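Novice: Shown below is the structure under consideration.
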Number of protein chains: 2
Amino acid sequence: MPPPGLGEFGRIRAFFAPLAGPGGLGLMDDAALVDCPRGHRLVTTVDQAVEGVHFLTADPPDLIAKKLLRRNLSDLAAMGATPRHYLLTTALPTSCNDEWLRRFARGLAEDQQTYAVALIGGDSTSTPGPISLTLTAIGEVAVGAEIRRTGARPGDRIWVSGTIGDAFLGLGVLREDLEFVGIAKGFRDALAARFQLPEPRVALGCRLVGVADAMCDVSDGLIADLGHICDASEVGATIRLKAVPLSPAADAMVAAQRTTRLALATGGDDYELVFAAPSDADTVIGKLAAELGLPITAIGTIEAGKGVRVLDAAGKPVAPTSTGWRHF
Amino acid sequence: MPPPGLGEFGRIRAFFAPLAGPGGLGLMDDAALVDCPRGHRLVTTVDQAVEGVHFLTADPPDLIAKKLLRRNLSDLAAMGATPRHYLLTTALPTSCNDEWLRRFARGLAEDQQTYAVALIGGDSTSTPGPISLTLTAIGEVAVGAEIRRTGARPGDRIWVSGTIGDAFLGLGVLREDLEFVGIAKGFRDALAARFQLPEPRVALGCRLVGVADAMCDVSDGLIADLGHICDASEVGATIRLKAVPLSPAADAMVAAQRTTRLALATGGDDYELVFAAPSDADTVIGKLAAELGLPITAIGTIEAGKGVRVLDAAGKPVAPTSTGWRHF
């Protein structure tokens, strides 16, 4: 017997059909239709969120939904693409009732407004295991305008948006790690919020078309993701830890010696953009930062060679023990 | 400590990068690029496979991979689309070692050849739960040529490809259900194979552009999926159970009174195509069946009204107790 509730098709009708964009055909067909404007390409990416790995069981469903969507939008932003559509799959245990799903869908509805995207398809199933979600996002970019990881050149300046390390610290706050004892509540809340609800740099990503030589979003960790650019571009990089932009909360944690700048630069989950641009783009980037109200900070230089060199405050190379999160 | 093995990025390099098509950018970027030919639309669909729900733990990994891909290709076929690309996410417990993944990827490699598709992106994570896989498939269709569920009209003939009910019986064979005792091994093997490895009607789907008024693939069950066409098209349908095409193995099971034609028409997982076409398309459909070496059988008629009426051998309406699989 199915558990009481709306049932599979009832849930689709109640919670997901209202989110459907025109290409989704009311979620009534086997597949969705996606138009691509002339002179453009579609850009696609997919990410998953597994209970106990990417989020905690008690996390608010609307935040789980938003974070999954935003992680994907961050990937599109890193290519310079404008987000348009997404497909969603849910594998839910019976402990996720209709109310859980209603709140989950409300989160999506809010972010659809914020980011001008719409649901066009998906699949729902039961699972004997943890909640497993995947989201495929589709964006558009003019042919040839896409920003890849491969274009960094020696002499390029390395820039990063926003602040780094907050989400890494936020996870510690949510876990009630001991190093947060005595840290101001306002700081703790701000850090937790950055972990639970990243802000993908969608507007910035599109505006860096023609400016950035190479770009990546910061999900594995600043040093690891800059390393991906270096690997793909066959170059090296040097960054100054002192230059890595920190929020007031992260700065307070460093000042109180509860964490290090190196830990913050390896922590991950920031969903900022790290990119390389020729030095003659400094003015444009400065104007962009002012216009978007978003700090964009130069943290180092692309060089011939291989790998990422990290310099401490004294200009001495430090060896990161870990360069980012690995699932295996 | 990570378990011994290739690690997350090592696995991507070893098993998935060799499957990557040109749009996949060597799986080195944040997202994949998809070109859409002028005058065409892209068609996207996503399906998941969860251990213990869609497949059994001991199932061969190459068959798990192929079935997941093929279920998606079946959805594209149902829209009349030609498949091109796919994205894949894997959430794997530590019990899935490199060898499991090697065999999984080999299955994908074989089907990439069979169906002329290529991997362009994905995401891999660990999970404390069962194996969870999702696959997003992308195809192409000329603008306006897409076959939807909405176009069925009273007077249309209802057709179905291949044979119905084999996968449903095949699951019973794999579960060693009692009704298969004494059934010839050749029949049992044929039925199990249909469950483990469906054959999506990719060639037929594309060829029905301009022929079929409405189409759906048979995944929930013949009666349920025909019901989806009726709901979307706001029409009714009558089918004759006697006309539903059966394989020799399924026919033997019915003759031995181990199952019923009604059960086979509600069983699901067939991945055949059910479609409605005006009666003046009979000749074209006959030729298509001959050319593709695939039976296409008329099983009933679209009518004004609502819902699917099912007639038994004596022409009397029967009431299905279940019309298809529900996850909740």
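The values are calculated or read from the model by the stated rules, or taken from the named source; none is laboratory data. If you're wondering where the values come from, they're calculated on a predicted model, not measured in any experiment. Because the Cβ atoms are built from the backbone with ideal geometry, glycine has one as well, and the counts that use them run over all protein chains shown. For the accessible areas, the whole protein counts, side chains as well, though only heavy atoms, and no ligand, DNA or RNA atoms are used. Shrake-Rupley method; radii C 1.70, N 1.55, O 1.52, S 1.80 Å.
Novice: May I ask for the accessible area buried between chains A and B, both sides summed, probe 1.4 Å, to the nearest 100 Å²?
Specialist: 5600 Å²
Novice: Select the chain A residue whose beta carbon lies nearest to the rotation axis carrying chain A onto chain B, and write the distance in whole Å.
Specialist: Of all Cβ atoms in chain A, the one nearest the axis gives A:G129, 1.
Novice: Same structure again: What are the ³J(HN,Hα) values, in whole Hz, obtained from phi via the Karplus relation 6.51 cos²θ - 1.76 cosθ + 1.60 with θ = phi - 60°, for each residue of the range A:97-107 in sequence order, with x given for Gly and Pro?
Specialist: Taking θ as phi minus 60°, the curve returns 8, 4, 5, 4, 5, 4, 5, 4, 5, 5, x Hz for the range A:97-107.
Novice: Give me the Å³ per residue figure for the convex hull around the C-alpha atoms of the range A:28-92.
Specialist: Enclosed volume per residue, from the Cα hull, is 112 Å³.
Novice: Work out the FRET efficiency for A:A243 and B:D280 from their Cβ-Cβ distance, taking R0 = 56 Å, and round it to the nearest 0.05.
Specialist: 0.15
Novice: Turning to a different aspect of this structure: In whole Hz, with x marking every Gly and Pro, tabulate ³J(HN,Hα) for the range A:78-85 from phi via Karplus 6.51 cos²θ - 1.76 cosθ + 1.60, θ = phi - 60°.
Specialist: Values per residue, Gly and Pro as x: 5, 9, x, 8, 9, x, 10, 9 Hz.
Novice: Not counting the cut sites, what is the longest span of chain A without trypsin sites (Lys or Arg not before Pro) that DSSP labels loop and that have at most 15 other Cβ atoms within 10 Å?
Specialist: A:39-174
Novice: Calculate the length of the line joining the C-alpha centroid of the range A:120-171 to that of the range A:218-285, in whole Å.
Specialist: When both Cα centres are located, 16 Å separates them.
Novice: Which lysines does A:K306 reach when only Cα atoms under 25 Å apart count, and residues fewer than 8 places away in its own chain are ignored?
Specialist: The qualifying lysines are A:K242, A:K316.
Novice: Still on this structure, I have one more. So in the protein assembly as shown, which Cys have no other cysteine's beta-carbon sitting under 4.7 angstrom from theirs?
Specialist: If one checks each Cβ against the other cysteines of the protein assembly as shown, A:C96, A:C206, A:C216, A:C230, B:C96, B:C206, B:C216, B:C230 turn up with nothing under 4.7 Å.
Novice: Right, next: When a/c reaches 1.5 or more, the comparison of a/b and b/c decides; with that in mind, is the range A:191-328 rounded, prolate or oblate per its Cα gyration tensor?
Specialist: rounded
Novice: Counting only helical runs of four or more DSSP H residues, what would the 222 nm mean residue ellipticity of the protein assembly as shown come to if each run contributes -39,500 (n - 2.57) and the total is spread over all its residues?
Specialist: Here the helix-only value at 222 nm equals -9500 deg cm²/dmol.
Novice: Got a sec? What order do A:V46, A:V173 fall in by accessible area at 1.4 Å, biggest, i.e. largest, first?
Specialist: Result of the area sort, largest leading: A:V173, A:V46.
Novice: Over all directions, how big on average is the projection of the convex hull of the alpha-carbon atoms in chain A, in square nanometres?
Specialist: The number I arrive at for chain A is 18.1 nm².
Novice: Residues of the range A:40-60 that become at least 50 Å² less accessible with every protein chain present than in their own chain isolated, using 1.4 Å: which are they?
Specialist: Output list: A:R41, A:L42, A:T44, A:V46, A:Q48.
Novice: Which value, in Å², gives the accessible area per residue of chain B when a 1.4 Å probe is used on the protein heavy atoms?
Specialist: 39 Å²
Novice: Taking GluC sites (Glu not before Pro) as exposed when DSSP calls them loop (any state but H, G, I, E, B) and at most 14 other Cβ atoms lie within 10 Å, what is the longest stretch of chain A free of them, the sites themselves excluded?
Specialist: It works out to A:1-175.
Novice: What would the Debye formula give as log10 I(q)/I(0) at q = 0.09, 0.14 Å⁻¹ for the alpha-carbon point model of the range A:1-140, no solvent?
Specialist: Results for the range A:1-140 at q = 0.09, 0.14 Å⁻¹ read -0.26, -0.62.
Novice: So, one more: When the accessible area of the protein assembly as shown is split by element with a 1.4 Å probe, what percent falls to carbon and sulfur?
Specialist: Exposed carbon and sulfur together represent 54 percent of the surface.
Novice: If the label for B:V318 sits 7 angstrom from Cα along the Cα-to-Cβ line, what are its distances to the same label in every other copy, in nm to one decimal, shortest first?
Specialist: 7.4
Novice: Per residue of B:115-126, what is the mean number of Cβ atoms on other protein chains within 10 angstrom of that residue's Cβ?
Specialist: Rounded to a whole number, the mean comes out at 4.
Novice: Counting alpha carbon pairs within less than 8 Å and at least 6 residues apart, what relative contact order, in whole percent, applies to chain B?
Specialist: Answer for chain B is 22 percent.
Novice: Now for a separate question. At a threshold of 8 angstrom on Cα-Cα distance, excluding pairs fewer than six apart, so keeping six or more, what relative contact order does the range A:228-317 reach in percent?
Specialist: It rounds to 61 percent for the range A:228-317.
Novice: Does a label point 7 Å from the Cα of B:D59, set along Cα-to-beta-carbon, have any residues of the range A:126-141 with amide nitrogen under 15 Å, and which are they?
Specialist: Hits in the range A:126-141 for B:D59 at 15 Å: A:126-128.
Novice: For A:I296, tell me the accessible area in Å² from a 1.4 Å probe, rounded to the nearest 10.
Specialist: 20 Å²
Novice: Let me ask something else about it. Under 1.5 on a/c is rounded, so check that first for the protein assembly as shown, then, if it is not, pick prolate when a/b is larger than b/c and oblate when it is not; a ≥ b ≥ c are the square roots of the alpha carbon gyration tensor eigenvalues.
Specialist: Taking the square roots of the gyration eigenvalues as a ≥ b ≥ c, the protein assembly as shown is prolate.
Novice: Which whole-number percentage describes the relative contact order of the range A:144-197, with Cα contacts under 8 Å and a sequence gap of 6 or more?
Specialist: 40 percent
Novice: Further question on the same structure: With just the Cα atoms of the range A:96-140, tell me how far they stretch along each of the three principal axes, in Å, largest first.
Specialist: Taking max minus min along each principal axis of the Cα atoms, the range A:96-140 gives 37, 21, 14 Å.
Novice: Now for a separate question. Between A:R102 and B:A109, what is the label-to-label distance in nm when each label sits 7 Å out along the Cα-to-Cβ direction?
Specialist: 5.1 nm
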